[in-house]
Amino acid sequence: MGVGTGKNIIFYSGDKDITAIDISENMLKRARAQVEKLDYNCSDFIEMDIQNITFPDNLFDAVVATFVFCSVPNPVLGLNQSYRLMVNLSRVTSIPHPGSLVFPTPGSLVFPR
């Protein structure tokens, strides 16, 4: 969610299917270029607002959001969308900006269902 320039995709497993969404088509273009360098299986780059995701329920095995929810007008709505999307959800992983007013604790946040 909120793939941005795609710089963090290198930390994902290259043998998994990755669907990248972002509200900005310009960011998606940059993410596509990043993925091409890595030779990852990431063929879906979709312009979408994480507060209004049009994917059906229970579609993904995992959701990762890096530096996203502190930039979203309604982060709780975005988190709820994350939970709705996952099959047998065990967690949503979000890494906030340091000092974020939304998630002020530094480090990775894991939200169990």
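Overview of results
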read-out	value
Residue-span extension gain [residue 26 to residue 60] - 0.36 nm each, minus C-alpha spacing	9.8 nm
Gain on full stretching of the segment that runs from residue 46 to residue 12 - 0.36 nm per residue minus C-alpha separation	10.4 nm
For residue 21, distant residues with modelled amide H under 5 Å away	2, 3, 46
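All of the numbers you see were taken from the coordinates with simple rules; none came from a lab. Because the structure is a prediction, the values reported are computed rather than measured.
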